[in-house]
Amino acid sequence: MSPQKLLLIPGPSPVVPRILDALSLPTVSHVGPDMGRDLREACENMKRILFCENGEPFIVAGAGTLAMEMALLNTAGPGDRVLVLSQGYFGDRMAQICAAFGLAHDVLESAWGRSVTPGELEARLKAKNYNIVACTHVDTSTGACAPVEEYSQVLDKTGALFIVDGVCATGGVAERMDDWGIDVVLTAAQKCLGAPPGLAILVLSELAMEKRRSLASVPAYYSDLLRWLPIMREPSKYFSTPCVNEIRAFAEATRIVLDEGLEERFERHELYAEAIRAGLAALGFTFFTDPRFMASTLSVVRYPEGVDDKAFRAGLSENGVVVAGGLASTAGQVFRMGHMGNLTSSDVRFAIDAAERTLAGLGRKIAPGSGRAAVESILKS
Ligand code: PMP
């Protein structure tokens, strides 16, 4: 077995022992009381994490893409038109799902590295009517964080349902469903929530549930939320066997989020993002994302002149830290470092020390300790 490395890809994020221990408990009946307790608690905790009083949570085996599909299929019916706000690879995926199911849709795109602005959204909504607007909160391809609260203020005047892809944000960046009028947050277990991959997670507002009920049928079976609703309310009922161990681990992950405190967790994500970026900047790296849009959950990082992507990432892995390469047109130009979930300040320090060692190994002249000094100036301030 290879020695354990610090997993700083933009999801899955590192899974802490408390969650791994929960995962390894003996498998129990999927309709028994233990499972019922964990599923109910995980559902209630998701509502708390999303600041949602009366919504309906859904937790099913799958991942973020299934959750995207479920969100669209359960809200968009014949005669509806969806506006997809795309700021990168995963916004484009939302449009691809609309196309795959023949949902009428338009795409309002931003350049990579920034988001569609509320003004651009407002202008589009004045020009054309939409029943549903879907956005990516943090696009993992670009590191840009969309101004979700401001979008919702624009949407407030239109009556359109608002879907937010929180896969790279939920539990790390605030998503206040009730206050902001978000109708669906879809997300996954493996990023800011800190659990292993394997779950599609959604919370729907009462309005979004009404919309689902108003659709006579949806072009889906497993993805039909009305088939899952009775199980989420009463887990002793059966529809399709839930992933018992993963749900138990996920329940533990949500307890960890709430034990830390949501505001504290959001602030910690911001602090670590700042510390990591200060450390990388001190080592000569720059950033792909427009500074006005930078997310606190990952950084998309440009290399100093002459540093090769493959060599750097291989060296960093040798030094104990795994990051991801760029997606689509950014491949070879950037690396993507996730800093989300249950990261510790020691992880932040370890990552920057490893980046410094890697650059030194590639023959760069770096004043020893310069990355770490920049990190400490943020962590101790
Ligand atoms: N949306 C966003 C913003 C993502 O980052 C991802 C995964 N990186 C997805 C959707 C798709 O999630 P999954 O890979 O779990 O299907």
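Details
- Residues in the stretch 197-249 that are over 18 Å from Ile132 (Cβ atoms), away from the ligand (no atom under 16 Å from the Cβ) and acidic (Asp, Glu): Glu234 alone.
- Long-range neighbours under 6 Å by Cβ, at least six apart or interchain, first residue within 16 Å of the ligand (Cβ to nearest atom) within the stretch 1-15, second among the charged types (D, E, K, R) and at pLDDT 95 or above: Pro10/Arg336; Gly11/Lys191; Ser13/Lys191
- Cβ pairs under 7 Å, 6+ apart, first in the stretch 238-262 and over 16 Å from Gly36 (Cα atoms), second surrounded by fewer than 19 Cβ atoms within 10 Å (Cβ to Cβ) and modelled with pLDDT of 95 or more: Ile256/Arg18; Leu258/Arg48
- So Leu125, is it touching a Phe, Trp or Tyr at 6+ places or on another chain (Cβ under 6 Å), farther than 12 Å from Ala295 by Cα and aliphatic (A, V, I, L, M): no
- Just so you know, in the stretch 93-106 the residues that are over 24 Å from Trp228 (Cβ atoms) and surrounded by 18 or more Cβ atoms within 10 Å (Cβ to Cβ) include one that is nearest to the ligand (Cβ to nearest atom), and it is Ala95.
- Scanning the stretch 262-286 for residues that are under 18 Å from the mean Cα position of the chain (by Cα) and among the small types (Gly, Ala, Ser) gives a single hit, Ala273.
- Across the stretch 68-81, the number of residues qualifying as within 20 Å of Leu155 (Cα to Cα) and away from the ligand (no atom under 16 Å from the Cβ) comes to 7.
- Residue count for the stretch 10-47, restricted to those that are buried (at least 18 other Cβ atoms within 10 Å of the Cβ) and in a loop (DSSP other than H, G, I, E, B): 7
- Sole exception among (1) under 16 Å from Thr170 (Cα atoms); (2) touching a helix residue (DSSP H, G or I) at 6+ places or on another chain (Cβ under 9 Å); (3) not hydroxyl-bearing (Ser, Thr, Tyr) for Val82, by number: (1)
- Filter result for the condition that a residue is of a type outside the set (Asp, Glu), at pLDDT 95 or above and within 18 Å of the chain's Cα centre (by Cα), over Ala160, Ala251, Ala208: Ala251
- Restricting attention to the stretch 346-364, the residues that are more than 15 Å from Glu274 (Cα to Cα) and among the aliphatic types (A, V, I, L, M) total 5.
- Remark: pairs (first residue in the stretch 315-339, of a type in the set (Val, Ile, Thr) and modelled with pLDDT of 95 or more; second residue surrounded by 24 or more Cβ atoms within 10 Å (Cβ to Cβ) and in a helix (DSSP H, G or I); Cβ separation under 6 Å; 6+ apart in sequence or on different chains) = Val321/Ala351.
- Any hit, the stretch 178-187, residues being hydrophobic (A, V, I, L, M, F, W, C), under 30 Å from Val323 (Cβ atoms) and at pLDDT 95 or above: yes
The values are calculated or read from the model by the stated rules, or taken from the named source; none is laboratory data. Everything numeric in this text was worked out from a predicted model, so none of it was measured. Cβ coordinates were reconstructed from backbone atoms using ideal geometry, including for glycine residues, and neighbour counts include every protein chain displayed.
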